[in-house]
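In what follows, a single structure is set out as structure tokens and then discussed.
The values are calculated or read from the model by the stated rules, or taken from the named source; none is laboratory data. Predicted, not measured: the structure shown is a model, and the values here were computed from it. Here Cβ is always computed from backbone atoms with ideal geometry, including for glycine, and neighbour counts include all displayed protein chains. Quick note on the areas: whole protein, heavy atoms, side chains included, nothing else; ligands and nucleic acids left out. Shrake-Rupley method; radii C 1.70, N 1.55, O 1.52, S 1.80 Å.
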Number of protein chains: 2
Amino acid sequence: MKEDNKQTLFQAIADVQRRRILEILKTGEQSVAEINDKLDISGATLSHHLTILKQADLVRVRRAGQKRIYTLNTSVLEQLLIMFKNLTGQSGE
Amino acid sequence: MKEDNKQTLFQAIADVQRRRILEILKTGEQSVAEINDKLDISGATLSHHLTILKQADLVRVRRAGQKRIYTLNTSVLEQLLIMFKNLTGQSGE
DNA sequence: TTTATATTTAGATTATCATCGAAATATCTA
DNA sequence: TAGATATTTCGATGATAATCTAAATATAAA
């Protein structure tokens, strides 16, 4: 993975709200409004965070009527875990 | 682990120079000057990054004459790996 | 004890980032 | 088509953060 993408990924998970969004999405795909119910930030701020997570390819979106449904992208999460192991030399076992 | 410490950890690894420092230390303990030889930043900036890594408890220091020798703190790296796995929902195997 | 070496601290600058309210866009429904 | 709902975009603001040079501190050597 290119260093730029790596940086985008590590940066994306550096924010506590974005990590919360990822954990919320772990429980299943959800609309923006549903995610927003579980956080204490404005819609504009949530939208901003979702943009960053999208850029990092950590989440995917699809439309459903007026709603937009966000899901986790597990393959990138796997890559992230591998990069972390490489970073630290931890085998994880 | 407290959310504050978690944030400190994720923040610490969000910077590319600090990740480089961790990778440099993977090859073994080193003095500040030795680390600096492998990076293209000023001594002051390196010192700043080392402070942040120390606060996150990702590295440890000991003195040896005028030098200060930095080492990785593997136990915190293990904890961080666990947090990564939790975040990503990946078993890692 | 003066000088050299190693590293940190101080202070300043510039850039990035999280956040908000308001406005814009897009879709659906009546 | 008009109004309601869902989400994003705009523009601004305050807070952090990365970086540098210069000065300070600490240790070692001459």
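For (1) hydrophobic (A, V, I, L, M, F, W, C); (2) at pLDDT 95 or above, each residue gets a yes or a no:
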residue: A:D4; (1), (2): no, no
residue: A:A14; (1), (2): yes, yes
residue: A:L25; (1), (2): yes, yes
residue: A:Q30; (1), (2): no, yes
residue: A:I35; (1), (2): yes, yes
residue: A:L39; (1), (2): yes, yes
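Among the residues of the stretch A:7-30, just one is farther than 13 Å from A:L53 by Cβ and of a type in the set (D, E), namely A:E29.
So that you can scan it fast, the table gives a plain yes or no per residue for (1) in contact with a strand residue (DSSP E or B) (Cβ under 9 Å, 6 or more places away or on another chain); (2) within 13 Å of DNA strand D (Cβ to nearest atom); (3) farther than 28 Å from B:V16 by Cβ; (4) without any contact (Cβ under 8 Å) to a residue 40 or more places away in the chain:
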site: A:T8; (1), (2), (3), (4): no, no, no, no
site: A:L22; (1), (2), (3), (4): yes, no, no, no
site: A:L46; (1), (2), (3), (4): no, yes, no, yes
site: A:A64; (1), (2), (3), (4): yes, yes, yes, yes
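In the stretch B:61-71, is there at least one residue being within 14 Å of another protein chain (Cβ to nearest Cβ) and aromatic (F, W, Y)? Scanning the stretch B:61-71 turns up no residue that is within 14 Å of another protein chain (Cβ to nearest Cβ) and aromatic (F, W, Y). Of the helices (runs of 4 or more DSSP H) lying entirely inside the stretch B:1-56, the ones with 1 or more residues being of a type in the set (G, A, S) and at the interface with chain A (Cβ under 10 Å from one of its Cβ atoms) are found at B:3-12. Among the residues of the stretch A:57-93, those that are assigned to a helix (DSSP H, G or I), open to solvent by less than 80 Å² (accessible area, probe 1.4 Å) and among the aliphatic types (A, V, I, L, M) comprise A:V76, A:L77, A:L80, A:L81, A:M83, A:L87. Scanning the stretch B:14-41 for residues that are open to solvent by 70 Å² or more (accessible area, probe 1.4 Å) and within 14 Å of DNA strand C (Cβ to nearest atom) yields B:E29, B:E34, B:D37, B:K38.
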